[in-house]
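What follows is a short report on a single structure.
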Amino acid sequence: MQGVPDLFHDKRDCASFRHLDNLPGVELYHAHISRYAFEPHTHEAFGIGAIELGAEQFRYRGAKHVAPVNSVVTMNPDELHTGEAASEDGWRYRMVYLEPDLLEEVTGIRHWWFSDVVRHDAQRSALLCQQIYGLWNTPDPLAQKGLLLDLIDTFRPFAKHAPIKQEGAHRFERVREYLHDNYMHALTLDELAAVVALSPYHFQRQFKARYHVTPHQMLMAIRLWRAKDFLTRGMPAAEVAAATGLTDQSHLTRAFTRRYGITPVRYQKQVFPR
């Protein structure tokens, strides 16, 4: 079945991605997940979506959330999260991932932020599903941009201004920047702790208290997000593995599928224009 990764063991589990040539910075996603559990991952974009059927449970910003049918999900960029079924038959959902620069360019509004990750809103949930489906199936570039504006208007009421970061938070932002700059290398706990002049284990405790994941989990999330970008540009999977600091293509395939529910090769076939 198109979109079902090799490591999905339940025939009802499937996931598909789509990119639009005329709308860079937009990624569309549609999936039905019954038995699969996603490991912590990130999309480096605003993730907006709706639950069409069933219910999902996930961890986000250190807390557990449940998104039932007819709910709207709004995630901020660079926030690691998991995902698994919270109902017997899993959950079916549609998502759109919008890069922050694109969202600001389209709307003229800066500092987008969502304080709540799940809201029950049957009307907006249904509308978002229709609009994402429309973007997926509309070939006309002008129509796509109109649909994008309509979609943004649908979730705009949920947005807030980004909170002002505290000074203590800025210290650990340097570590995140270091991870983004050096994800392709083999990093050690000592090396990361030195960025903020802390002992390794004290650093790891503080890091997890702030981000709710270990430094390794965040590093892997960054590596797999970079892998998506390289695959989108047409880089062969074996080269992507090397470019992102992973052991080999098998390591890439296992890690990518655990986070995105699809093998890197199948993902590339869906999003890379040929």
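Read-outs: derived from the displayed coordinates by stated rules, not from any lab. No experiment lies behind these values; they were computed from the predicted model shown. Here Cβ is always computed from backbone atoms with ideal geometry, including for glycine, and neighbour counts include all displayed protein chains.
Pick out which of Ala197, Ala85, Ala37 has the largest mean-square fluctuation in a Gaussian network model of the chain, springs linking Cα atoms closer than 10 Å.
Evaluated over the chain, the most mobile residue of the options is Ala197.
Which residue, Thr42, Trp112, Leu23, has the largest displacement toward the positive end of the dipole of the chain when charges sit on each Cβ (Lys, Arg +1; Asp, Glu -1)?
The one lying farthest along the dipole's positive direction is Thr42.
Students often get this wrong, so check it: of Lys64/Lys160; Lys145/Lys228; Lys208/Lys269; Lys64/Lys228, which have C-alpha atoms separated by over 29 Å?
Exceeds cut-off: Lys208/Lys269.
Could you pull out every residue, at least 5 positions away or on a different chain, whose amide H is within less than 5 Å of the one on Ser87? Hs are placed 1.01 Å off N in the peptide plane, and Pro or chain starts have none.
Placed amide hydrogens put Ala55 under 5 Å from Ser87.
Ranking Ser87, Ser199 by Cβ neighbours within 10 Å, fewest first, what do you get?
Ser199, Ser87
Could you give the length gained on full extension between Asp181 and Tyr201, defined as 0.36 nm per residue of separation minus the Cα-Cα distance, in nm?
Full-extension gain reported as 5.0 nm.
What does the charge dipole of region 1-147 about its Cα centre add up to, to the nearest 20 debye, if the Cβ of each Lys and Arg holds +1 and the Cβ of each Asp and Glu holds -1?
Result for region 1-147 is approximately 380 debye, rounded to the nearest 20.
Can you sort Val175, Val96, Val265 so the residue with the fewest Cβ neighbours within 10 Å comes first?
Val265, Val175, Val96
Could you tell me which of Ala186, Thr244, Leu224 has its Cα farthest along the dipole of region 167-271 towards the positive end, charges placed at Cβ (Lys, Arg +1; Asp, Glu -1), taken about the Cα centre?
Leu224
Is any residue of region 168-203 close enough, with backbone N under 13 Å, to a label point placed 7 angstrom from the Cα of Ala243 along the Cα-Cβ axis, and if so, which?
Under 13 Å, as judged by backbone N against the label point of Ala243, lie 184 of region 168-203.
Most fluctuating residue of Ala193, Ala221, Ala63 in a GNM of the chain with Cα springs under 10 Å: which is it?
Evaluated over the chain, the most mobile residue of the options is Ala63.
So what is the calculated 222 nm ellipticity per residue for the chain, using -39500 (n - 2.57) for each DSSP H run with n of 4 or more, over all residues, to the nearest 500 deg cm²/dmol?
Result for the chain, helices only: -13500 deg cm²/dmol.
Pop out the ³J(HN,Hα) list for region 15-24 in order, Karplus 6.51 cos²θ - 1.76 cosθ + 1.60 with θ = phi - 60°, rounded to Hz; leave Gly and Pro as x.
8, 9, 10, 8, 10, 10, 4, 8, 9, x
Rank these for me by crowding, Trp113, Trp91, going from fewest to most other beta carbons within 10 Å.
Ordered by Cβ neighbours within 10 Å, fewest first: Trp113, Trp91.
How high is the relative contact order of region 14-161, given as a whole-number percent (alpha carbon pairs under 8 Å, six or more residues apart)?
Once normalised by length, the contact order is 26 percent.
Over region 166-207, what relative contact order in percent results from Cα pairs under 8 Å that are six or more residues apart?
37
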